[in-house]
Protein chains: 2
Amino acid sequence: MKFESITIKDIGKALGISTSTVSRALRGSHEISAETKKQVLEYAEKVNYRPNPIALSLKERKSRSIGVVVCEIANNFFSQAINGIESIAYNRGYHVIISQSHESYKREVVNVQHLASRSVDGLLVSISSETTNLAHFINLHEKGLPIVFFDRVTNEIITHKVIADNYKAAYDATVHLINNGYKNIAHITFAPFLSITQERLAGYKDALVKNGLAYNERLVKYCTYGGMIAEEIEAALSNLFTSTEKPDAIIAAGDRITTCCLTAIKNSGLHIPHDIAIVGFTNSNIPELFAPTLSTIRLPAFEMGQVAIELLINLIESKRPVTEFETKVLQTEFVIRESSVKV
Amino acid sequence: MKFESITIKDIGKALGISTSTVSRALRGSHEISAETKKQVLEYAEKVNYRPNPIALSLKERKSRSIGVVVCEIANNFFSQAINGIESIAYNRGYHVIISQSHESYKREVVNVQHLASRSVDGLLVSISSETTNLAHFINLHEKGLPIVFFDRVTNEIITHKVIADNYKAAYDATVHLINNGYKNIAHITFAPFLSITQERLAGYKDALVKNGLAYNERLVKYCTYGGMIAEEIEAALSNLFTSTEKPDAIIAAGDRITTCCLTAIKNSGLHIPHDIAIVGFTNSNIPELFAPTLSTIRLPAFEMGQVAIELLINLIESKRPVTEFETKVLQTEFVIRESSVKV
DNA sequence: TTTTTTTACGCAAACGTTCCCGGGAAGAAA
DNA sequence: TTTCTTCCCGGGAACGTTTGCGTAAAAAAA
């Protein structure tokens with residue numbers, strides 16, 4: 001099955017003029033007579049002519065499309081971020097091609113290569129939790145492909161970055177729990193190499209220390225697969241609860257981790273927040289529907305997406321090589337609900 | 001900023017052979033000597049040659065990309081469906097370009113036109129709730145662009161369709177509520193023109209009638225914007241609760257509608273399931289975390305995506321025009337939890 | 001040796017577009 | 001009348017590939 005469409009050549013033939021004249025008329029060149037222009041424009045309108053973007057891409061060596069690399073879109077944070085990305089990209093005439101790594105290094109590499117070979121003009125990336133080797137990004141970046149990282153970023157590549165203030169978020173959440181009388185605060189988080197993990201861990205640590213509590217690394221559990229695998233989180237939890245230093249509070253670092261924790265706690269018969277408190281990093285829009293209602297740290301996902309795509313498009317459209325890069329830090333939103341306040 | 005890459009011309013020049021020879025060597029043509037092939041292959045590998053897909057698209061008049069038109073990806077059903085779509089598309093060498101209508105007819109039209117002009121090879125569509133005029137699809141379809149509808153389908157276009165068994169789902173849910181002693185069962189659903197609305201409504205009606213209850217149209221509320229606008233749902237609810245025929249149960253037709261109903265009921269101080277029961281069509285993966293746990297009808301989103309993309313790719317790759325179309329009906333999953341069972 | 005076949009490769013066109021360059025016609029300046 | 005501008009427009013190359021056709025050299029057959 002094929003899908004024929006009208007070309008500039010067809011118009012030229014129909015009107016008895018050359019393709020170059022048609023092209024120029026369409027672009028409103030001054031060196032085409034008003035009469036010819038009118039004729040071409042009218043005919044093009046009549047036959048509903050649409051320039052072939054593929055031919056244009058070939059000629060201009062750019063595709064007006066940008067690639068997005070995230071772990072998965074079935075995740076509140078990323079789907080909201082993609083909404084932000086799309087809202088801007090569309091207006092600026094760019095297409096968005098989304099690919100999911102599912103937290104797998106291998107798939108990330110494949111996806112990135114695929115996107116690059118599809119000639120995307122730039123990449124918007126949130127690194128997978130399995131990724132420690134960044135060669136696939138570095139290669140492309142060195143060849144001149146504009147890349148902007150968001151949320152899960154890296155210091156190994158000097159470019160624009162957009163992150164949330166994870167340090168402050170974790171700090172505030174920890175202080176909040178301490179102020180509510182919790183003393184054994186666990187932190188269930190992503191893979192240790194991820195920037196978000198490190199930022200949050202730092203905030204968590206500092207809050208503990210500044211409030212006279214010791215940092216206990218046995219209370220920190222890393223989920224290498226970022227919660228894609230429920231067993232991983234359950235293992236972390238059972239490990240916590242069987243240890244001698246049982247936590248009385250948890251800070252969960254992600255959407256899945258949070259819901260998994262809630263389920264596990266519920267199944268274990270513990271009472272929230274009496275036996276254990278929980279604060280979750282989640283962009284769920286229904287934290288009030290949980291029982292008890294869930295205290296959350298919400299990332300500015302939509303805005304992060306918007307800022308990231310703005311930066312990327314600026315990079316793409318910049319006439320001269322950009323040498324000054326910035327890291328934008330957006331504020332998170334901390335909403336205290338029942339799950340972290342003892343009654 | 002631009003991003004140069006290696007072409008077969010470069011390879012030819014480097015090896016002192018023509019581009020056609022390089023092309024043929026790369027494709028493993030039999031009319032190229034083993035020696036030359038080896039040379040070319042090795043060199044291509046060495047410089048990391050990647051064929052330019054844009055040039056290929058131009059030549060073959062297809063882009064190996066397919067467009068997906070949904071309401072929004074920040075929705076469990078659609079993000080799961082997209083996962084299904086991607087899982088297949090990737091393996092078969094297709095790119096997926098996602099666009100969101102946000103339940104707006106205007107945006108749907110713009111998106112579809114945009115996708116078409118980007119030369120997608122086919123379209124996977126779930127119609128927006130505002131859409132009553134299908135001209136934008138009919139046009140493209142008549143020009144030969146393969147389209148497969150899923151979830152929200154239409155009878156105005158003869159092509160493959162993939163839907164859930166909405167009739168049975170609604171029927172079963174209604175019967176379940178009746179069996180649990182509920183008599184005034186309300187149905188809060190999408191726009192009346194949507195196929196899913198009609199299918200569910202039919203199941204709901206038939207279940208009532210077959211169980212000796214009268215169908216009361218005042219208990220059915222339509223949300224034209226499919227729950228994108230919370231006020232719409234709230235209005236429907238307050239309308240229901242202030243009427244003389246107060247419902248004692250609700251069947252909510254979508255993700256957003258369900259959560260919105262839960263919030264509203266919670267705020268109104270009513271007790272679920274004592275004062276009012278609720279069953280929701282939702283693909284949320286945390287219905288157990290709600291209080292009370294939520295009885296749900298889950299659509300086979302992932303499978304629907306998979307089946308739809310399979311059908312679409314078959315259509316695209318079919319040598320001869322396809323005249324036999326099918327409508328696949330997949331089964332839903334009904335899980336009864338606390339919200340619909342009186343204690 | 002001559003003729004035929006096979007092998008291995010190059011040329012050029014095509015996909016749809018833009019844009020440089022060149023040139024004819026008409027009008028203006030000499 | 002001749003020369004110079006100005007105004008319009010067409011030819012053709014280029015972007016990266018594939019592919020039909022042509023052909024020189026080598027191999028096989030005569």
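Relative to the first principal axis of the alpha-carbon coordinates of chain B, what is the inclination of helix B:301-317, with its axis defined by its Cα atoms, in degrees from 0 to 90 and to the nearest 10?
40 degrees
Could you give the semi-axes, largest first, of the ellipsoid that matches the protein assembly as shown, computed as the square roots of 5 times the alpha carbon gyration tensor eigenvalues and rounded to whole Å?
They are 46, 36, 22 Å, listed from largest to smallest.
Roughly how big is the range B:226-343's charge dipole about its Cα centre, with Cβ charges of +1 (Lys, Arg) and -1 (Asp, Glu), in debye to the nearest 20?
About 100 debye.
For the range A:255-343, calculate the relative contact order in percent as a whole number, restricting contacts to Cα pairs under 8 Å that are 6 or more residues apart.
In percent, rounded to a whole number, it is 38.
Considering amide H positions built from the backbone, and no H for Pro or chain starts, which residues 5 or more places from B:Val220, or on another chain, come under 5 Å of its amide H?
Under 5 Å from the amide H of B:Val220: B:His187.
Under the definition of partner shielding as Cβ atoms of other protein chains within 10 Å of a residue Cβ, what is the mean value for peptide B:72-78?
For this peptide, the per-residue mean of nearby foreign Cβ atoms is 5.
Shortest first and in nm with one decimal, please list how far the A:Glu217 label point sits from its counterparts in the other copies (point 7 Å along Cα→Cβ).
7.0
Name the residue farthest towards the positive end of the dipole of chain B from the options B:Thr224, B:Asn133, B:Leu312, assuming +1 on Cβ of Lys and Arg, -1 on Cβ of Asp and Glu, about the Cα centre.
The listed residue farthest towards the positive side: B:Leu312.
To make sure I understand, if each residue's beta carbon is the centre and we count other beta carbons within 10 Å, what order do B:Arg320, A:Arg50, B:Arg298, A:Arg218 fall in, fewest to most?
Listing B:Arg320, A:Arg50, B:Arg298, A:Arg218 from fewest to most nearby Cβ atoms yields B:Arg320, A:Arg218, A:Arg50, B:Arg298.
So, with +1 on the Cβ of K and R and -1 on the Cβ of D and E, and no other charges, what is the size of the charge dipole of the protein assembly as shown about its Cα centre, to the nearest 20 debye?
With Lys and Arg at +1 and Asp and Glu at -1, about 1920 debye.
For chain A, restrict the atom set to alpha-carbon positions and state the Rg and Dmax in Å.
Spelled out, the Cα radius of gyration and Dmax of chain A are 25.8, 89 Å.
Straight-line reach from A:Lys168: which aspartates and glutamates have Cα under 13 Å away, leaving out those fewer than 8 places along the same chain?
A:Lys168 reaches A:Glu199, A:Asp206, A:Glu333.
Placing +1 on the Cβ of each Lys and Arg and -1 on the Cβ of each Asp and Glu in chain B, which of B:Gln39, B:Val110, B:Asn211 has its Cα farthest towards the positive end of the resulting dipole?
B:Gln39
For chain B, give the magnitude of the charge dipole about the Cα centre (Cβ charges: +1 Lys/Arg, -1 Asp/Glu; no others), in debye to the nearest 20.
Dipole size: approximately 1020 debye.
Looking at the axis that maps chain B onto chain A, which chain B residue has the closest Cβ, and how far off is it in Å, rounded to a whole number?
Residue and rounded Å distance to the axis: B:Ala291, 1.
Quick one: what are the phi-derived ³J(HN,Hα) couplings along the range B:270-280, Karplus 6.51/-1.76/1.60 with θ = phi - 60°, whole Hz, x for glycine and proline?
6, 9, 9, x, 5, 7, 8, 9, 8, 10, x
Where a Cα-Cα gap under 12 Å defines reach, which aspartates and glutamates qualify for A:Lys221, not counting those fewer than 8 residues away within the same chain?
A:Glu232, A:Glu234
Considering only A:Asn91, A:Ile163, A:Val70, whose Cα is most displaced toward the positive end of the charge dipole of the range A:55-194, charges sitting on Cβ of Lys, Arg (+1) and Asp, Glu (-1)?
Towards the positive end, the residue furthest out is A:Asn91.
What nm distances, shortest first, do you get from the label point of B:Gln113 to those in the other copies when the point sits 7 angstrom along Cα to Cβ?
4.0
Looking only at other chains, what is the average number of their beta-carbon atoms within 10 angstrom of each beta-carbon in A:84-97?
Going residue by residue through A:84-97 and averaging, the value is 2.
Dividing the Cα convex hull volume of the range B:243-285 by residue count, how many Å³ per residue is that?
77 Å³
Among the aspartates and glutamates, which fall within straight-line cross-link reach of B:Lys205, defined as a Cα-Cα distance under 13 Å, with same-chain neighbours fewer than 8 residues apart omitted?
B:Lys205 reaches B:Asp172, B:Glu217.
Is there a pair in A:Lys9/A:Lys319; A:Lys37/B:Lys62; B:Lys161/B:Lys319; A:Lys46/B:Lys161; A:Lys9/B:Lys143 whose C-alpha atoms are over 27 Å apart, and which pairs would that be?
From A:Lys9/A:Lys319; A:Lys37/B:Lys62; B:Lys161/B:Lys319; A:Lys46/B:Lys161; A:Lys9/B:Lys143, over 27 Å: A:Lys9/A:Lys319; A:Lys37/B:Lys62; A:Lys46/B:Lys161.
Give me the number: length gained by fully extending B:Ala202 to B:Arg337, i.e. 0.36 nm times residue separation minus the C-alpha to C-alpha distance, one decimal in nm.
46.2 nm
Would you calculate a helix-derived [θ] at 222 nm for chain B, using -39,500 (n - 2.57) for each DSSP H run of n ≥ 4 and dividing by the full residue count, to the nearest 500?
-13500 deg cm²/dmol
Hey, what angle do you get for helix B:195-210 against the long axis of chain B, alpha-carbon based, 0 to 90 degrees rounded to 10?
30 degrees
Using alpha-carbon positions, what is the distance between the centroids of the range B:100-157 and the range A:186-225, in Å?
So the separation of the two Cα centres works out to 47 Å.
Along the range B:62-72, what does the Karplus equation 6.51 cos²θ - 1.76 cosθ + 1.60 (θ = phi - 60°) give for ³J(HN,Hα), rounded to whole Hz, x for Gly and Pro?
Listing the rounded values in order: 8, 10, 6, 9, 10, x, 10, 10, 10, 6, 6 Hz.
What is the mean number of Cβ atoms from other protein chains located within 10 Å of the Cβ atom of each residue in peptide A:222-234, rounded to a whole number?
0
Hey, quick one: spin label on B:Asn180, modelled 7 Å out along Cα-Cβ, who in the range B:213-251 has an amide N within reach, i.e. under 17 Å?
Zone members listed by number: B:247-251.
Read-outs throughout are calculated quantities, based only on the coordinates presented, and are distinct from any laboratory measurement. Predicted model only: the values in this text are computed from it and were never measured. Positions of Cβ are generated from backbone atoms using ideal geometry, with glycine treated the same way; all protein chains shown enter the neighbour counts.
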